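S.K.: Got a structure here, written out as structure tokens. Questions coming.
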Amino acid sequence: MDVMPLLLLVAGSAAVAAAARRTPVPAPLLLVAVGLVLSYVPGVPEYTLDPDVVLPLVLPPLLHSAATDSSYLDLRAQLRPVALLSVGYVLFATFVVGWAAYRIVPGLSLTGALVLGAVVAPPDAVAATAVARRVGLPSRITTILQGESLVNDATAITAYRVALAAAVGEGASWAGGIGEFLLAAVGGVAVGLILMVPIHWLRTHLKEPLLQNTLSLLIPFVAYAAAEQFHASGVLAVVVVALFLGHRAWEVDFATRLQEDAVWKMVAFVLESSVFALIGLQLRVVVKGLGEYEGGDAAWYAVAVFAVVVVSRFVWVYPATFLPLLLSSRIREREDNPTWKAPFVIAWAGMRGVVSLAIAFSIPETMHGEPFPGRNLILFLTFTTVIGTLVVQGVTLPPLIRLLKLPGRDAQAETLAEANAQAQASRAAERHLDDLLSDERNALPQPLADRLRTVLERRRNAVWERLGSVNPVTGETVDDTYRRLSREMIGAEREVFVKLRDARYIDDEMLRTLLRRLDLEEAAAYREAA
């Protein structure tokens, strides 16, 4: 097995993603563009997207990472719009795009067109949410886009299987399709519910962070494989388990959380970068297999399908947003009446991604000993739809958000809420400390007891200081200056430790111990910027 192409893909995509951080272009778009260019550069290996790798090996960890970073409570609060998009819209788009393709493309059967509809139905919100975080969309829109992307793949994969069964003549019916969808949905959720409690119990009872993080890396693959064994949705199983683990992450010890956060950020970065580069690199593979379809006709079909995909999302999103408000007084009482702007952004953020391409590549090459009718064209139309939505919508989404002037996140209100929460927690900790110190078994010298109180006071005041004035010379808040000085002091200590190691006064093992202690102190002094 030649591993060099894989190493080149990972290293190259990581380098491009790192370079994108220095440009105004979102990393997914730059990765796709570079992949498109490199696909025709002599000497670049031909990368074929293998669905047997993407669906069971790449999709689960990406879903797990996204779900653990999501909020179960926020998703529950937005359950109706998430369900309408992840289930209702995907089925709607499957039929609308399928019927349109059947009418547009001569010779394409209705069942084959429905296969295409199911393939391009699920938006991939990885790029959309990356843009949303960068531009500062309201948290409700970001939650809806994230929730949609977590569940819609399960709907699309099930719809694809039903449409494919009809295309190959396996007697698929409406009743059978509905039954398969219910089995996939209910079964996937059930497998997730069954697995989440014992997995969480095991996580909280393993005492070694390395073992806990090894388990963490295995969880999405175990959940996905277990559900697929019962012909249920592995996607839903992964999402259910990950949402539960993310909601209960506070019960795991701090060392595991620190390591897990770093490990999963690295995994998500590598996989997302490689996936978007891989999308662009498919150009040569897809065009080479286009076969009998001529360039002009194929381009017209691609533009027409792309337009139907974009328009159908608007046709679904606006009624799905406003009809529930018109039909239910309870919803009107519970929710604010939205303007036209938020649905417009949600509709425009329907970018397709690697899942659509992976499903398309899983279409069998032959049917009853004959080539699958229209397979090459379906691949081509899927590819052009993915590229079109990523480029056209991805490039225009940030200026569109700025043009619409949607209210972003209220940083002042969020900081105030954080300060109040920290104040309540600090007061509770002070009361608990007083109770502990009153017990003679916990007797401490006064300087050490005062140090514990100082740490609490510092943590409580740090958030309030962010609401105050800034240094007129540096523009820093008091908290920023404190952390900078703390970092410089720790840096001075590190230099001394290294010099003592170089002078052989201490050995490398002791150096690592001392540096680890300083790293933990620096981690405590610095929190990651929002």
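S.K.: Going highest first, how would you order 155-162, 329-336, 487-494, 241-248 by mean Cβ packing within 10 Å?
M.R.: 155-162, 241-248, 487-494, 329-336
S.K.: Using only the Cα atoms of the stretch 296-341, build the gyration tensor, take square roots of its eigenvalues as a ≥ b ≥ c, and label the shape rounded, prolate or oblate: rounded if a/c is under 1.5, else prolate if a/b is larger than b/c, else oblate.
M.R.: prolate
S.K.: Follow-up. Enumerate the whole-percent occupancy of each 5 Å bin, from 0 to the last occupied one, for all C-alpha pair distances of the stretch 183-342.
M.R.: Cα pair-distance distribution for the stretch 183-342, in percent: 1, 7, 10, 10, 10, 12, 14, 13, 12, 7, 3, 1, 0.
S.K.: Would you mind computing the Rg to Rh ratio of the chain from its alpha-carbon coordinates, Kirkwood style for Rh?
M.R.: Using only Cα positions, Rg/Rh for the chain is 1.02.
S.K.: Could you tell me whether the stretch 227-315 comes out rounded, prolate or oblate from its Cα gyration tensor? Rule is a ≥ b ≥ c as square roots of the eigenvalues, rounded for a/c under 1.5, then prolate if a/b exceeds b/c, otherwise oblate.
M.R.: prolate
S.K.: So, one more: Hey, any idea what % of the chain's accessible area is carbon plus sulfur with a 1.4 Å probe?
M.R.: 64 percent
S.K.: Follow-up question, since we're still on this one. Can you give me the solvent accessible area of residue 341 with a 1.4 Å probe, rounded to the nearest 10 Å²?
M.R.: 60 Å²
S.K.: Could you list which residues have their amide H under 5 Å from that of residue 367, counting only those 5 or more apart in sequence or on another chain, with H placed in the peptide plane?
M.R.: 372
S.K.: Can you list the equivalent-ellipsoid semi-axes of the stretch 1-55, largest first and in whole Å, using the square root of 5 times each Cα gyration tensor eigenvalue?
M.R.: So the three semi-axes of the stretch 1-55 are 21, 13, 11 Å.
S.K.: Karplus couplings for the stretch 141-149 from phi (6.51 cos²θ - 1.76 cosθ + 1.60, θ = phi - 60°), rounded to Hz, Gly and Pro as x?
M.R.: Karplus-based 3J(HN,Hα) across the stretch 141-149 equals 5, 4, 4, 5, 5, 5, x, 4, 5 Hz.
S.K.: Round to the nearest 10 and give me the degree value, 0 to 90, for the angle of helix 295-327's Cα axis relative to the longest principal axis of the chain.
M.R.: 60 degrees
S.K.: Rounded, prolate or oblate: which fits the stretch 305-435 when a ≥ b ≥ c are the square roots of the eigenvalues of the alpha-carbon gyration tensor, with rounded for a/c under 1.5 and prolate only if a/b beats b/c?
M.R.: Prolate is the answer for the stretch 305-435, as a/c is 1.5 or above and a/b outweighs b/c.
S.K.: With the crude spin-label approximation of a point 7 Å out along Cα→Cβ, what separation in nm comes out for residue 368 versus residue 248?
M.R.: Rounded to a tenth, the inter-label distance reads 5.1 nm.
S.K.: Which whole-number percent gives the relative contact order of the chain, counting Cα pairs below 8 Å spaced six or more residues apart?
M.R.: The value is 21 percent.
S.K.: Could you derive backbone 3J(HN,Hα) for the stretch 336-346 from the dihedral phi with the Karplus parameters 6.51, -1.76 and 1.60 (θ = phi - 60°), listing whole Hz in sequence and x where the residue is Gly or Pro?
M.R.: Those phi angles translate into 6, 6, x, 8, 6, 6, 4, x, 5, 5, 4 Hz.
S.K.: Over the stretch 325-383, what per residue volume does the convex hull of the Cα atoms give, in whole Å³?
M.R.: So the per-residue Cα hull volume is 159 Å³.
S.K.: For residue 297, what accessible surface area do you get with a 1.4 Å probe? Give it in Å², rounded to 10.
M.R.: Approximately 70 Å² for this residue.
S.K.: Just the number please: accessible area per residue for the chain, 1.4 Å probe, all protein chains included, in Å².
M.R.: That works out to 52 Å² per residue.
S.K.: State the percent of C-alpha pairs, over all pairs in the stretch 271-368, separated by a distance greater than 19 angstrom.
M.R.: I get 63 percent for the Cα pairs in the stretch 271-368 exceeding 19 Å.
S.K.: Report the Cα-based extents of the stretch 78-125 along its three principal axes, largest first, to the nearest Å.
M.R.: 42, 16, 14
The values are calculated or read from the model by the stated rules, or taken from the named source; none is laboratory data. What you see is a predicted model; the values in this text were computed from it and never measured. Here Cβ is always computed from backbone atoms with ideal geometry, including for glycine, and neighbour counts include all displayed protein chains. Just the protein is used for accessible areas: all its heavy atoms, side chains included, with ligands, DNA and RNA removed. Shrake-Rupley method; radii C 1.70, N 1.55, O 1.52, S 1.80 Å.
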